[in-house]
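**Student:** There's a structure below that I have some questions on.
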Amino acid sequence: MKFKKIAVKIGSNVLTRADGTLDITRMSSIVDQISQLHNKGVEIVLISSGAVASGRSILGIKKKMDVVDQRQLYSAVGQVKLINLYYDLFREHGITVGQVLTTKENFSSRRHYLNQRNCMRVMLENDVIPVVNENDTVSVSELMFTDNDELSGLIASMMDMQALIILSNIDGVYNGNPADPTSSVIRKIEKGQDITDFIQSSKSTFGRGGMLTKTTIARKIADEGIEVFIANGKHDDMLLRLLDKKADVICTQFVASKGDVSSVKKWIAHSEGFAKGEIHVNENAAKALSGEKAVSLLPIGVTEIIGDFEKDDIVRILDHNSSLLGIGKVQYDSQKAREITGKKNQKPLVHCDYLYLE
Ligand code: GLU
C-alpha cells in the first residue's frame, strides 16, 4: 500500500442515486474497500456527506421550505439513516464505526482543535473507524464549512494523514469543460501550477461543494505535505486501485510539498475564519516575510493594528496593498501591539513558529 494513514471523503453524489435516495450498492462497495484497507492496517478516517440528500428523499416534503429549515430537518433525519447504514455495512466485516458530528466552531481555538483530534485518535487507537460529517442540524449558517471538502482537508491535516482522497462523481480536474470530448483529466498538479482557467464554478446536484473549493483545499493540504487525490467514487474499486502502487488510475493528484509543517502551523493555516484582528505591515516586512528564510513579524515592520484581540488570538497579516500575506498567533494583545507599532528592539508580534504564510 502506498499509504498507511488516509482520510477519505465521499461526496453526496457518489452515495445517492439520481432520485436522491442512498445508493446502498455503492455504499456497500465503498465499505468493502475501506474494510480491506483497514484489515491491511491502513488507518482511515471517513468523511461522509449524504445526510441532507438522504433526509430529503426520506421525508419527500413537497411544500416550499426555508433553506435553513430544510438543512436542519433533512440532516437530522438523514444522518440517522446514513450512520445506521455504515454501522450495519461495516459490521458485516466485523468492523466498528463511530460517529463524529462537528461544526467549524469545534476548530476555533487550539484547545477545541486538540480535543477534536483526541476524539478521533482514541477511536483509531481502538480500531474504530470515525465517520465524520458536519453537524448540519445545529450549525449556524455564517459559521459553516464551505462544504465537506473543506472539512475533510481540516481533518486530514489535523490527523497528520499521508493522503486525502476526495471521491466525487467526476474523474478529476479537467483541462477544459468535462462535457467536451477533447478535454482530459489533469493527472498531476504541482505546487504553484496555475489551474484557475480550468475550474468550472458550477456545483454538483446534491452536495454543497464544487470544483473550486475542492481544488483550493486540495492545494492547501498538499502544500502541508499531504498527497491529495480527486477521483471518481462511482467507478468500481476506485480506492483500492488508487492505493495500489502498480495501478495507473485516471484521477487528479495534487503533489505534496516536501518538508514537515508543524501541528501548530497546520492549525493556524486553517484558522483564518476565526481571526480577531488584522496586522498591516510595510513593504520591507512583507518582503522579509515572503522570503525563503523563516522570519518572525517584528513590531518595527507594522504600520497598523485593526480590531481588538487578546494574546494568543489568531490574526490576519496584510501587506502594504492590503493583500493577505498570512495568518498568525499573536504574542501581545491589541492594546500592547498598538503601543509598540513601528518601534525597534521589541520581541516579535508573531513568532515564526506561529506564522503561516499564504
Ligand atoms: N454535510 C452535508 C450532508 O451530509 C454535505 C455537505 C457537502 O455537500 O459538502 O449532506
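The values are calculated or read from the model by the stated rules, or taken from the named source; none is laboratory data. This structure is a prediction, so every number in the text was calculated from the model and none was measured. A quick note on method: Cβ atoms are made from the backbone with ideal geometry, for glycine too, and the neighbour counts reach across all protein chains shown.
**Student:** I need the full set of residues from the stretch 299-324 which are under 23 Å from Tyr113 (Cβ atoms) and surrounded by 21 or more Cβ atoms within 10 Å (Cβ to Cβ), in order please.
**Tutor:** Phe309, Ile314, Val315, Ile317
**Student:** If Arg111 meets every condition in (1) free of Cβ contacts under 8 Å to residues at least 40 places away in the same chain; (2) over 20 Å from the mean Cα position of the chain (by Cα) apart from one, which number is that one?
**Tutor:** Arg111 satisfies all of (1) free of Cβ contacts under 8 Å to residues at least 40 places away in the same chain; (2) over 20 Å from the mean Cα position of the chain (by Cα) except (2).
**Student:** Also, I was wondering about something else. Write out, first by first residue and then by second, each pair whose Cβ atoms fall under 7 Å of each other, whose residues are 6+ apart or on separate chains, and whose first residue, in the stretch 147-168, is over 15 Å from Thr216 (Cα atoms) while the second is of a type in the set (Gly, Ala, Ser).
**Tutor:** What qualifies is Ile155/Ala7; Met159/Ala7; Met161/Ala7; Leu167/Gly11; Leu167/Ala231; Leu167/Gly233; Ser168/Gly11; Ser168/Gly233.
**Student:** Shifting gears a bit: Between a residue in the stretch 59-86 that is aromatic (Phe, Trp, Tyr) and any residue that is within 12 Å of the ligand (Cβ to nearest atom), which pairs come within a Cβ distance under 6 Å, given they are 6 or more apart or on different chains?
**Tutor:** Tyr74/Val52; Tyr74/Gly55; Tyr74/Arg56; Tyr86/Val131
**Student:** For the stretch 120-157, give me each residue that is assigned to a helix (DSSP H, G or I) and more than 15 Å from Ala7 (Cα to Cα).
**Tutor:** Keep residues of the stretch 120-157 that are assigned to a helix (DSSP H, G or I), which gives 120-125, 141-143, 148-157.
Within the stretch 120-157, Val122, Glu125, Ser141, Glu142, Leu143 qualify.
**Student:** Please verify whether Glu43 is without any contact (Cβ under 8 Å) to a residue 24 or more places away in the chain and either crowded, with 17+ Cβ neighbours inside 10 Å or away from the ligand (no atom under 16 Å from the Cβ) (or both), treating the condition exactly as stated. Quick ask: steps written out before the conclusion?
**Tutor:** Values: without any contact (Cβ under 8 Å) to a residue 24 or more places away in the chain: no; either crowded, with 17+ Cβ neighbours inside 10 Å or away from the ligand (no atom under 16 Å from the Cβ) (or both): yes.
Considered against the rule, which asks whether it is without any contact (Cβ under 8 Å) to a residue 24 or more places away in the chain and either crowded, with 17+ Cβ neighbours inside 10 Å or away from the ligand (no atom under 16 Å from the Cβ) (or both), Glu43 comes out as no.
**Student:** Exactly one condition in (1) within 18 Å of the chain's Cα centre (by Cα); (2) part of a loop (DSSP other than H, G, I, E, B); (3) at negative phi is not met by Asp160; state its number.
**Tutor:** Condition not satisfied by Asp160: (3).
**Student:** Can you name every residue in the stretch 329-356 that is of a type in the set (Phe, Trp, Tyr) and outside any helix (DSSP H, G or I)? Outline the logic, then answer.
**Tutor:** First, the residues of the stretch 329-356 that are of a type in the set (Phe, Trp, Tyr): 332, 354, 356.
Listed by number, the residues that qualify are Tyr332, Tyr356.
**Student:** If Ile250 meets every condition in (1) assigned to a loop (DSSP other than H, G, I, E, B); (2) of a type in the set (Val, Ile, Thr); (3) buried (at least 17 other Cβ atoms within 10 Å of the Cβ) apart from one, which number is that one?
**Tutor:** Result: Ile250 fails condition (3) only.
**Student:** Listed residues Lys81, Lys104; which is of a type outside the set (Asp, Glu), at pLDDT below 95 and within 15 Å of the ligand (Cβ to nearest atom)?
**Tutor:** Details: Lys81 fails: at pLDDT below 95.
Going through Lys81, Lys104 in turn, the sole match is Lys104.
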